[in-house]
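The values are calculated or read from the model by the stated rules, or taken from the named source; none is laboratory data. Here the structure is a predicted model, which means the values were calculated and not measured. So basically every Cβ, Gly included, is an ideal-geometry build from the backbone, and we count neighbours across all protein chains shown. For the accessible areas, the whole protein counts, side chains as well, though only heavy atoms, and no ligand, DNA or RNA atoms are used. Shrake-Rupley method; radii C 1.70, N 1.55, O 1.52, S 1.80 Å.
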Amino acid sequence: GGMAAALLLLLLLLVAAGPGPGRADAGREQRDALREELLLSPLPTGDVAATFQFRTRWDADLQRGSVSHYRLFPKALGRLVAALGVRELHLALTQGFWRTRYWGQPPLQAPAGAELWVWFQPTVTDVDKAWKELSNILSGIFCASLNFIDSTNTVIPTASFKPLGLANGTDHHLLRYAVLPREVVCTENLTPWKKLLPCGSKAGLAVLLKAERLFHSSYHSQAVHIRPVCRDASCLAVSWELRQTLTVVFDFFSSGQGKKDWSLFKMFSRTLTDTCPLASQSKVYVDISPKNKEKELLEVSPPPTSLHEAVVQGDKKTYAVYDLLSPSLFNTSRSLNVQLKWQRPQDSSEMPIPTLHAQRYVGGYGLQTGEICTLIYNTHPYRAFPVILLETVPWYLRLYVHTLTIITKGKENKPSYIHYQPAQDRRRPHLLEMLIQLPANSVTKITIQFERALLKWTEYPPDPNHGFYVGSSVLSALVPSVTAMKDMDVEQSPLFTSLFPSSDGSSYFVRLYTEPLLVNLPTPDFSMPYNVICLTCTVVAVCYGSFYNLLTRTFHVEEPSRGGLAKRLANVIRKFRGVPPL
C-alpha cells in the first residue's frame, strides 16, 4: 500500500511539472528565430558581389533587464543593449571602397574604415558617458580600435540618420555618429563577428566565410545592426532584431582567373554541405536579371529550387533561389556548388549608370589653404529629388563657411536647409548638413575652402607624411523608382530588401558614401631634433671633456731611476761579453 501511494504521488508530481497550456504559452513568449541568406550579384564590370545576411529575431523585451536566458541572440550584445539603454546600434567595419559608378547601388553600403551610429533611449541621462562606454565595450568585443572614438570625431546629426526601427520620438540629442576612416579591417575583426552567429562558422552559409578568401578581394564590409521591430501586424509588442551582414566583391581579373565564369568554390574555396540546424530559413539568391531587353546573359547550374521576382532599388530583378532546407537539394550530391556562366560576351560599353552617385576630392595647392569639392550626379531623365548631404571635417582643417558654393548647371543652387556646427580646437569637428535639390539629369558641384592648422609636435601620428584622413560624406535621398514597387510582407521578402523600408511605391531610400580624403598638413622635419641632439652631444663630449680633463688633471715630475734588478743583471752579462751597457 505504501509503495502504491508513493508511485501515485510521483505520477501526480510529473503531471504537475509537465508542459501544460500555461507553461507552453510562457515558453512561446520569448521565442527566437534565425534566417540566413546569401545574395550573389554579378556586377556590370565582370566582378561578383556576395552579400551574407543573418537575421536573429527575438520576441523579448531587452530594455527591462528581465531576460536571463539567451538562446540565439548573443548574450554580449543583449546585455549591452539592456545596460546602456541602446535603442538602435549600427556598426560597420569596411576595407576598400564601393564604386557606385561602376558597380551600381549596393544593398548595404558603408564608408571605408569603422562607422558607428547609435540611438539611445530617452531614459539615458548622460548620453556622452554612455556613448564612450559603449564604444569601449564594442572595441573589446570586435577587437577594433573603436576606443579612439572621442569628442574630436563624434557629431550629432540632425537630419541624416533617422531610426530604422520603431521610434517613439526623434530627438537628435539622443543620437551619436562617428567614423574612423583609418581603421584597418582584418581577420581579428572577422573572428568575433562569426562567433556571434548561432551556428558559428561550422554549418550553414557561414561555412563559406573563409578569411583567406574574404580578404583577397576588392571590397570587404561587415556590419552589425540592432533595432526594435514590430512583433506582428498590430505592432502591440516589440521584438529585437540583430542583423549581421557581410559584403565582399571578388575581382577575377586581378586574381588571375581571366574569366567571368565563377562558382562558389572559385570564390570561397568551399561549397555548401549542410544547413544550420537552428535556422528556420536558409536560401541562396542569384541575380540572373537580364541586363538589357535581349535574352538573359547568365546561366546557372544546378537548376534552382524556384525563381523570385522583386523590385529592388527601383529596378525589376529576377533571382534564382536555392532553398537549403529543401529535401531535394542535397539528394543528388552531398554539396551545393552554384555555378554561373555567361551565355555570350557582355558588352562593357553599355554599363548601366546609377540614378544617384557622387565623388569627392581635395583641390588647391600648397600646404596652407585648399578646398573640398563634392560632385553629386542625378542621372534621372525627368525627375528631380532632394538629397541630404552630411559633411564631417576634423578641427585641424578650418573651414571658411562664407566660401561655400553650390553650382548646378552653371547657376547657384541654394540649399533648402542648412545646419552648421563650427569646430572647436581639439574638442569637436565641423558638422555641415544641407538639403539640396538635384534637378533632373544634372551635376551639382559643392565646394568649400579650408585652411590647414599647425599641430603640436606631440599630436602627429608615427607616419605624419602619409597624411591625415577625412571621413566620407554621407548622402541620404529618396530616389524616384523607374518601376512601381508593391508593398510586400517583410517576413516573406528577402532580407536584402527589408532593411530600408520604402515610404511609398514611387521611391526608395538610398544612403551613399563618398571616398575618404587624404590631406597633407604642414609637417615639421622630425629628423632635425635627432641631428641637433647628435651634434650637441658631440660638441659637449669633445669640448667640455677636454676642458674638464685639463682642469682636473694633476701633473707630477717623474725623476729618472737607476733601473731595476733586471737591468743591472743585463749590464753585468753585457760587461762579460764586452758589449756597452744599457
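Assorted remarks:
- A cut-off of 5 Å between modelled amide H atoms, ignoring neighbours fewer than 5 places along the same chain, links S507 with S481.
- Cysteines in the chain that, by Cβ-Cβ distance, have no pairing candidate under 4.7 Å: C143, C186, C373, C534, C537, C543
- On the principal axes of its alpha-carbon atoms, region 32-342 has extents of 59, 39, 36 Å, going from largest to smallest.
- Reported label for calculated semi-axes √(5λ) of the Cα gyration tensor in Å given [x] 50, 27, 19; [y] 61, 38, 29; [z] 46, 30, 22: [y]
- Against the chain, whose longest principal axis comes from its Cα atoms, helix 75-84 is set at around 90 degrees.
- For the chain: accessible area per residue (Å², 1.4 Å): 52
- Sum of -39500 (n - 2.57) over DSSP H runs of 4+, divided by residues of the chain (222 nm, nearest 500): -5000 deg cm²/dmol
- Within the accessible area of the chain, the carbon and sulfur atoms contribute 56%, probe 1.4 Å, all protein chains present.
- Rounded tilt (10° steps) of 565-577 against the dominant C-alpha axis of the chain: 50
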